[in-house]
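For reference, the structure is listed below as C-alpha coordinates.
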Amino acid sequence: MTYTLVQGVMTRDVVTVREDTPYKAIAELMGSRKVSALPVLGPDAEVVGVVSEADLLVKAGYANPFDEVSMLERRRTRPKTAGSLASQLMTSPAVTIGPTETIAVAARCMNREKVKHLPVVDKFGELVGIVSRGDLLSIYVRPDDVIRDAIVADVFHRVLWVEPPEISVEVTDGIVTLEGQVEQRSFLGIAEHLCMAVEGVVGVVDKFTYDNDDRALRPLLGRS
(Lines give C-alpha, C1' and ligand atoms only; values in the text may rest on other atoms or scores of the structure.)
Protein backbone atom coordinates (compact mmCIF):
# COMPACT_ATOMS: atom_id res chain seq x y z
CA MET A 1 0.00 0.00 0.00
CA THR A 2 1.12 3.56 -0.63
CA TYR A 3 0.96 6.33 1.93
CA THR A 4 0.84 10.08 1.53
CA LEU A 5 4.13 11.72 2.42
CA VAL A 6 4.64 15.03 4.16
CA GLN A 7 5.97 16.53 0.92
CA GLY A 8 2.59 15.83 -0.68
CA VAL A 9 0.60 18.01 1.73
CA MET A 10 3.09 20.58 3.05
CA THR A 11 3.16 24.26 2.14
CA ARG A 12 6.27 24.96 0.07
CA ASP A 13 6.10 28.76 -0.04
CA VAL A 14 7.19 29.26 3.56
CA VAL A 15 7.16 32.66 5.21
CA THR A 16 10.04 32.94 7.68
CA VAL A 17 11.48 35.47 10.09
CA ARG A 18 14.93 36.00 11.55
CA GLU A 19 15.85 35.92 15.22
CA ASP A 20 15.96 39.73 15.36
CA THR A 21 12.55 40.26 13.72
CA PRO A 22 10.48 42.46 16.08
CA TYR A 23 7.10 41.54 17.57
CA LYS A 24 5.07 44.00 15.48
CA ALA A 25 6.63 42.85 12.20
CA ILE A 26 5.85 39.24 13.09
CA ALA A 27 2.23 40.06 13.87
CA GLU A 28 1.85 42.06 10.65
CA LEU A 29 3.40 39.26 8.61
CA MET A 30 1.05 36.67 10.11
CA GLY A 31 -1.91 38.89 9.36
CA SER A 32 -0.96 39.72 5.77
CA ARG A 33 0.01 36.16 4.84
CA LYS A 34 -2.84 34.57 6.83
CA VAL A 35 -0.60 32.10 8.65
CA SER A 36 -0.55 31.22 12.34
CA ALA A 37 3.09 30.21 12.72
CA LEU A 38 6.45 31.19 11.25
CA PRO A 39 9.76 29.30 11.31
CA VAL A 40 12.57 31.35 12.79
CA LEU A 41 15.90 31.11 10.95
CA GLY A 42 19.34 31.45 12.50
CA PRO A 43 22.48 33.04 11.00
CA ASP A 44 23.10 30.09 8.68
CA ALA A 45 19.44 29.86 7.60
CA GLU A 46 18.91 26.90 9.93
CA VAL A 47 15.56 26.51 11.69
CA VAL A 48 16.10 27.52 15.32
CA GLY A 49 12.49 27.80 16.44
CA VAL A 50 8.88 28.53 15.56
CA VAL A 51 6.96 31.61 16.59
CA SER A 52 3.19 31.20 16.62
CA GLU A 53 0.08 33.21 17.37
CA ALA A 54 0.02 31.50 20.76
CA ASP A 55 3.50 32.86 21.49
CA LEU A 56 2.42 36.38 20.57
CA LEU A 57 -0.75 36.14 22.64
CA VAL A 58 1.26 35.62 25.81
CA LYS A 59 2.33 39.28 25.67
CA ALA A 60 -1.23 40.40 24.87
CA GLY A 61 -2.62 38.41 27.78
CA TYR A 62 -0.15 39.36 30.50
CA ALA A 63 1.25 42.74 29.51
CA ASN A 64 -1.11 44.75 31.74
CA PRO A 65 0.41 44.83 35.26
CA PHE A 66 -2.94 45.82 36.79
CA ASP A 67 -4.77 42.67 35.66
CA GLU A 68 -5.51 40.16 38.42
CA VAL A 69 -3.01 37.42 37.60
CA SER A 70 -1.14 35.30 40.14
CA MET A 71 2.55 35.98 40.71
CA LEU A 72 3.34 32.38 39.79
CA GLU A 73 1.63 32.77 36.42
CA ARG A 74 3.34 36.09 35.75
CA ARG A 75 6.70 34.54 36.60
CA ARG A 76 6.02 31.65 34.24
CA THR A 77 5.10 33.90 31.32
CA ARG A 78 7.63 36.68 32.01
CA PRO A 79 10.22 35.66 29.36
CA LYS A 80 7.72 35.94 26.52
CA THR A 81 5.81 38.82 28.09
CA ALA A 82 9.01 40.85 28.21
CA GLY A 83 10.22 39.63 24.83
CA SER A 84 10.12 41.85 21.76
CA LEU A 85 12.12 39.83 19.21
CA ALA A 86 11.48 36.50 17.52
CA SER A 87 14.37 34.90 19.44
CA GLN A 88 12.67 35.83 22.73
CA LEU A 89 9.16 34.89 21.67
CA MET A 90 9.69 31.65 19.74
CA THR A 91 9.31 28.09 20.92
CA SER A 92 12.73 26.50 20.71
CA PRO A 93 14.33 24.18 19.78
CA ALA A 94 12.22 23.65 16.70
CA VAL A 95 10.57 20.27 16.19
CA THR A 96 11.09 19.41 12.52
CA ILE A 97 10.29 16.56 10.16
CA GLY A 98 11.60 15.27 6.85
CA PRO A 99 9.64 15.57 3.60
CA THR A 100 9.63 11.81 2.96
CA GLU A 101 8.09 10.89 6.30
CA THR A 102 4.47 9.76 6.16
CA ILE A 103 1.69 11.95 7.45
CA ALA A 104 1.02 9.31 10.10
CA VAL A 105 4.53 9.88 11.47
CA ALA A 106 3.97 13.65 11.33
CA ALA A 107 0.65 13.34 13.17
CA ARG A 108 2.22 11.27 15.94
CA CYS A 109 5.07 13.78 16.21
CA MET A 110 2.64 16.71 16.55
CA ASN A 111 0.64 14.87 19.18
CA ARG A 112 3.72 13.82 21.16
CA GLU A 113 5.38 17.25 21.06
CA LYS A 114 2.09 19.16 21.45
CA VAL A 115 2.72 21.40 18.44
CA LYS A 116 0.43 22.46 15.60
CA HIS A 117 3.08 23.04 12.93
CA LEU A 118 6.23 21.26 11.83
CA PRO A 119 8.91 22.92 9.71
CA VAL A 120 9.98 20.45 7.01
CA VAL A 121 13.72 20.15 6.45
CA ASP A 122 15.71 18.07 3.97
CA LYS A 123 18.71 15.86 4.77
CA PHE A 124 20.96 18.92 4.72
CA GLY A 125 18.80 20.70 7.29
CA GLU A 126 17.49 23.17 4.72
CA LEU A 127 13.92 24.39 5.14
CA VAL A 128 11.74 23.09 2.30
CA GLY A 129 8.24 23.56 3.68
CA ILE A 130 5.94 23.61 6.67
CA VAL A 131 3.08 21.28 7.55
CA SER A 132 0.10 22.01 9.79
CA ARG A 133 -2.58 19.93 11.46
CA GLY A 134 -4.99 21.01 8.74
CA ASP A 135 -2.61 19.74 6.07
CA LEU A 136 -2.48 16.31 7.71
CA LEU A 137 -6.26 16.15 7.95
CA SER A 138 -6.57 16.77 4.20
CA ILE A 139 -6.47 13.02 3.53
CA TYR A 140 -9.91 12.71 5.10
CA VAL A 141 -11.48 14.66 2.25
CA ARG A 142 -10.59 11.91 -0.25
CA PRO A 143 -13.68 10.98 -2.31
CA ASP A 144 -15.41 7.77 -1.22
CA ASP A 145 -14.92 6.15 -4.63
CA VAL A 146 -11.17 6.80 -4.48
CA ILE A 147 -11.00 5.22 -1.02
CA ARG A 148 -13.00 2.20 -2.26
CA ASP A 149 -10.73 1.71 -5.26
CA ALA A 150 -7.67 1.85 -2.98
CA ILE A 151 -9.15 -0.76 -0.61
CA VAL A 152 -10.09 -3.14 -3.43
CA ALA A 153 -6.71 -2.81 -5.14
CA ASP A 154 -4.33 -2.56 -2.18
CA VAL A 155 -6.05 -4.57 0.55
CA PHE A 156 -8.07 -7.28 -1.14
CA HIS A 157 -6.34 -7.77 -4.49
CA ARG A 158 -2.67 -7.31 -3.60
CA VAL A 159 -2.57 -8.47 0.02
CA LEU A 160 -5.51 -10.79 0.69
CA TRP A 161 -5.88 -12.13 -2.87
CA VAL A 162 -9.65 -11.74 -2.94
CA GLU A 163 -11.78 -9.07 -4.56
CA PRO A 164 -15.29 -8.40 -5.92
CA PRO A 165 -17.51 -10.22 -6.64
CA GLU A 166 -16.35 -12.50 -3.80
CA ILE A 167 -16.57 -9.63 -1.35
CA SER A 168 -18.47 -6.34 -1.31
CA VAL A 169 -16.82 -3.04 -0.43
CA GLU A 170 -18.89 0.11 0.02
CA VAL A 171 -17.64 3.48 1.32
CA THR A 172 -19.90 6.26 2.57
CA ASP A 173 -18.48 9.39 4.23
CA GLY A 174 -15.25 7.50 4.84
CA ILE A 175 -17.00 4.59 6.58
CA VAL A 176 -16.15 1.26 4.92
CA THR A 177 -18.73 -1.53 4.91
CA LEU A 178 -17.44 -5.02 4.13
CA GLU A 179 -19.70 -7.95 3.24
CA GLY A 180 -19.14 -11.45 1.93
CA GLN A 181 -18.56 -15.08 2.86
CA VAL A 182 -15.01 -16.02 3.87
CA GLU A 183 -13.46 -19.26 4.97
CA GLN A 184 -11.72 -18.32 8.22
CA ARG A 185 -12.93 -16.03 11.00
CA SER A 186 -9.42 -14.61 11.49
CA PHE A 187 -9.75 -13.03 8.01
CA LEU A 188 -12.20 -10.51 9.49
CA GLY A 189 -9.75 -8.88 11.87
CA ILE A 190 -6.99 -8.83 9.28
CA ALA A 191 -9.23 -7.18 6.68
CA GLU A 192 -10.47 -4.56 9.14
CA HIS A 193 -6.93 -3.74 10.29
CA LEU A 194 -5.69 -3.30 6.72
CA CYS A 195 -8.69 -1.19 5.70
CA MET A 196 -8.15 1.17 8.63
CA ALA A 197 -4.61 1.77 7.35
CA VAL A 198 -5.95 3.13 4.03
CA GLU A 199 -5.79 6.91 4.04
CA GLY A 200 -9.16 8.58 4.31
CA VAL A 201 -10.86 5.70 6.13
CA VAL A 202 -12.78 6.89 9.18
CA GLY A 203 -14.13 3.52 10.31
CA VAL A 204 -14.93 -0.03 9.22
CA VAL A 205 -18.22 -1.92 9.53
CA ASP A 206 -17.60 -5.66 9.24
CA LYS A 207 -20.56 -7.69 7.95
CA PHE A 208 -18.54 -10.70 6.83
CA THR A 209 -19.74 -14.22 7.56
CA TYR A 210 -17.33 -17.14 7.87
CA ASP A 211 -17.25 -20.92 7.51
CA ASN A 212 -14.74 -21.82 10.23
CA ASP A 213 -13.86 -20.22 13.55
CA ASP A 214 -10.10 -20.80 13.44
CA ARG A 215 -9.56 -18.71 16.55
CA ALA A 216 -10.56 -21.73 18.65
CA LEU A 217 -7.57 -23.59 17.27
CA ARG A 218 -4.98 -21.07 18.45
CA PRO A 219 -4.61 -22.36 22.05
CA LEU A 220 -3.73 -25.77 20.58
CA LEU A 221 -0.87 -24.41 18.49
CA GLY A 222 2.53 -25.30 19.91
CA ARG A 223 1.28 -28.20 22.01
CA SER A 224 3.03 -31.53 21.63
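Find the residue count for region 3-24, including only residues that are farther than 30 Å from ASP154 by Cβ, in a strand (DSSP E or B) and open to solvent by 50 Å² or more (accessible area, probe 1.4 Å).
So the count comes out to 2.
Which pairs have Cβ atoms under 8 Å, sit 6 or more apart or on different chains, and link a residue in region 107-132 that is more than 18 Å from THR91 (Cβ to Cβ) to one that is of a type in the set (A, V, I, L, M, F, W, C) and open to solvent by 40 Å² or more (accessible area, probe 1.4 Å)?
Between residues of region 107-132 that are more than 18 Å from THR91 (Cβ to Cβ) and residues that are of a type in the set (A, V, I, L, M, F, W, C) and open to solvent by 40 Å² or more (accessible area, probe 1.4 Å), the close pairs are ASP122/VAL128; GLU126/ALA45.
Within region 163-219, track down each residue that is at pLDDT below 85 and within 30 Å of VAL9 (Cβ to Cβ).
Once the filter is applied, which keeps residues that are at pLDDT below 85 and within 30 Å of VAL9 (Cβ to Cβ), region 163-219 yields only GLU163.
Name the residues in region 82-100 that are hydroxyl-bearing (Ser, Thr, Tyr) and without any contact (Cβ under 8 Å) to a residue 60 or more places away in the chain, would you?
Listed by number, the residues that qualify are THR91, SER92, THR96.
Within region 113-224, which strands (runs of 3 or more DSSP E) (wholly inside it) include 1 or more residues that are over 20 Å from the mean Cα position of the chain (by Cα) and exposed (fewer than 13 other Cβ atoms within 10 Å of the Cβ)?
Qualifying strands (runs of 3 or more DSSP E): 167-172, 175-184, 203-212.
Just a yes or no: is a residue in region 94-111 under 17 Å from THR4 (Cβ atoms), exposed (fewer than 15 other Cβ atoms within 10 Å of the Cβ) and among the hydroxyl-bearing types (Ser, Thr, Tyr)?
Scanning region 94-111, I find at least one residue that is under 17 Å from THR4 (Cβ atoms), exposed (fewer than 15 other Cβ atoms within 10 Å of the Cβ) and among the hydroxyl-bearing types (Ser, Thr, Tyr), so the answer is yes.
Just checking, how many residues over region 26-36 are loosely packed, with under 14 Cβ neighbours inside 10 Å and over 25 Å from SER138 (Cα atoms)?
1
The values are calculated or read from the model by the stated rules, or taken from the named source; none is laboratory data. Because the structure is a prediction, the values reported are computed rather than measured. Heads up, the Cβs are rebuilt from the backbone with ideal geometry, glycines too, and the neighbour counts pull from every protein chain shown. Each accessible area value is taken on the protein alone, full model and side chains, heavy atoms only, with ligands, DNA and RNA left out. Shrake-Rupley method; radii C 1.70, N 1.55, O 1.52, S 1.80 Å.
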